[in-house]
1. Please go through the range 35-68 and pick out each residue that is under 15 Å from the mean Cα position of the chain (by Cα), free of Cβ contacts under 8 Å to residues at least 60 places away in the same chain and in a loop (DSSP other than H, G, I, E, B).
2. Can you tell me which condition Arg227 does not meet? The list is (1) free of Cβ contacts under 8 Å to residues at least 40 places away in the same chain; (2) closer than 24 Å to Val246 by Cβ; (3) surrounded by 10 or more Cβ atoms within 10 Å (Cβ to Cβ), and all the others hold.
3. Can you name the residue in the range 21-43 that is crowded, with 19+ Cβ neighbours inside 10 Å and not hydrophobic (A, V, I, L, M, F, W, C) and, of all such residues, is farthest from Val130 (Cα to Cα)?
4. Select from the range 93-124 the residues that are among the acidic types (Asp, Glu) and over 15 Å from Val30 (Cα atoms) and write down the one among them that is farthest from the chain's Cα centre (by Cα).
5. Inspect all residues belonging to the range 17-34 and state whether any of them is touching a residue at least 60 places away in the same chain (Cβ under 8 Å) and part of a helix (DSSP H, G or I).
6. Quick check: anything in the range 181-197 in contact (Cβ under 8 Å) with a residue 24 or more places away in the chain and either surrounded by 10 or more Cβ atoms within 10 Å (Cβ to Cβ) or closer than 30 Å to Arg87 by Cβ (or both)?
7. Just to be sure I understand, how many residues within the range 1-16 are assigned to a helix (DSSP H, G or I) and either free of Cβ contacts under 8 Å to residues at least 60 places away in the same chain or open to solvent by 90 Å² or more (accessible area, probe 1.4 Å) (or both)?
Amino acid sequence: MIMDADTALVPEFLDTAMSRLASDPELGAVGGLFFGEPGGGLVGALQRNEYTRYQRDLAMNERRVTVLSGTASVFRAEALRAVATARGDQLPGQHGQVYDTLAMTEDNELTVALKTLGYQMVSPMQCRNVTEVMTDWKSLWRQRERWQRGAIENLRVYGWTPTTKKYWGQQLGIAYGVLSLQLFFLLLIMTMLSISSFAFYPFWVGVSLVFVIERVVTVWPAGWKARLIAAPLVIEIFYDIFIQAVFVKSVYDAIRRKDADWNYVQRGA
């Protein structure tokens with residue numbers, strides 16, 4: 001098992017992971033589902049909403065594992081030995097090492113490595129853990145820039161393969177989301193500048209309500225505070241813009257081949 005020092009596991013985490021590995025020889029690892037710790041004000045609440053939606057997606061299909069979270073994951077020793085053996089040949093990195101020491105996001109890189117070698121993985125709902133959240137926008141930016149830049153660099157090293165094509169698709173999907181949101185704002189501004197009066201259209205009100213319901217329902221398990229933040233839409237749209245700005249900056253730096261570092265976030269006592 002590999003886990004972060006700032007993570008707390010539910011009691012059944014290890015028993016569930018070990019039993020799943022014992023019952024399914026095709027599994028190379030069992031990942032954890034991470035939830036945000038309390039606190040952090042609005043910044044922390046937005047992260048908890050984001051994590052809640054991610055866990056909801058995984059609950060629908062526990063084998064849809066994109067990343068074996070570094071917060072806590074259990075690996076089959078045989079799988080890690082296979083990764084170490086394949087380094088320098090099938091996989092990037094130095095032969096004999098489990099981790100590619102040049103990768104900033106080691107959990108993402110190790111996930112891609114295991115999938116490249118044909119291993120399966122799951123993230124069961126019983127394997128929950130609670131991890132830290134960033135408590136201010138600056139720290140959140142540094143954390144997400146590390147995650148995003150690391151993911152881009154992993155794909156650059158691996159290139160286009162049957163394993164990475166899904167990950168490339170995710171990055172293209174994020175880029176499409178960035179473009180779509182900016183075009184929406186442009187259209188909104190142009191519309192407001194070109195009209196002399198406002199009109200009420202029930203159809204578009206209904207469409208907006210669908211978005212509100214989706215936002216609220218997907219964070220329902222996180223409690224009433226999470227629902228209040230999700231309901232206005234505007235708060236979470238601002239958060240989406242923030243995350244998209246990190247993506248744009250990371251892509252720009254990657255194109256320029258700007259040196260990347262781990263962006264360690266200093267935490268208080």
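1. Arg64, Val65, Val67, Leu68, listed by residue number.
2. Checking Arg227 against (1) free of Cβ contacts under 8 Å to residues at least 40 places away in the same chain; (2) closer than 24 Å to Val246 by Cβ; (3) surrounded by 10 or more Cβ atoms within 10 Å (Cβ to Cβ), the one that fails is (2).
3. For the range 21-43, the residue satisfying everything is Gly28.
4. Ranking the qualifying residues of the range 93-124, first place goes to Asp100.
5. Yes, the range 17-34 contains at least one residue that is touching a residue at least 60 places away in the same chain (Cβ under 8 Å) and part of a helix (DSSP H, G or I).
6. Residues of the range 181-197 that are in contact (Cβ under 8 Å) with a residue 24 or more places away in the chain, as a first pass: 181.
Keeping just the survivors that are either surrounded by 10 or more Cβ atoms within 10 Å (Cβ to Cβ) or closer than 30 Å to Arg87 by Cβ (or both) gives 181.
Within the range 181-197, one or more residues are in contact (Cβ under 8 Å) with a residue 24 or more places away in the chain and either surrounded by 10 or more Cβ atoms within 10 Å (Cβ to Cβ) or closer than 30 Å to Arg87 by Cβ (or both).
7. The number of residues fulfilling the criteria is 1.
For every residue, the table says whether it meets (1) of a type in the set (A, V, I, L, M); (2) farther than 27 Å from Met60 by Cα.
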| residue | (1), (2) |
| --- | --- |
| Gln148 | no, no |
| Gly159 | no, yes |
| Leu172 | yes, no |
| Leu186 | yes, yes |
| Tyr201 | no, yes |
| Trp224 | no, no |
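The values are calculated or read from the model by the stated rules, or taken from the named source; none is laboratory data. Just so it is clear, the model here is predicted, and its values are computed rather than measured. Glycine gets a Cβ as well: all are built from the backbone with ideal geometry, and neighbour counts include every protein chain shown. For the accessible areas, the whole protein counts, side chains as well, though only heavy atoms, and no ligand, DNA or RNA atoms are used. Shrake-Rupley method; radii C 1.70, N 1.55, O 1.52, S 1.80 Å.
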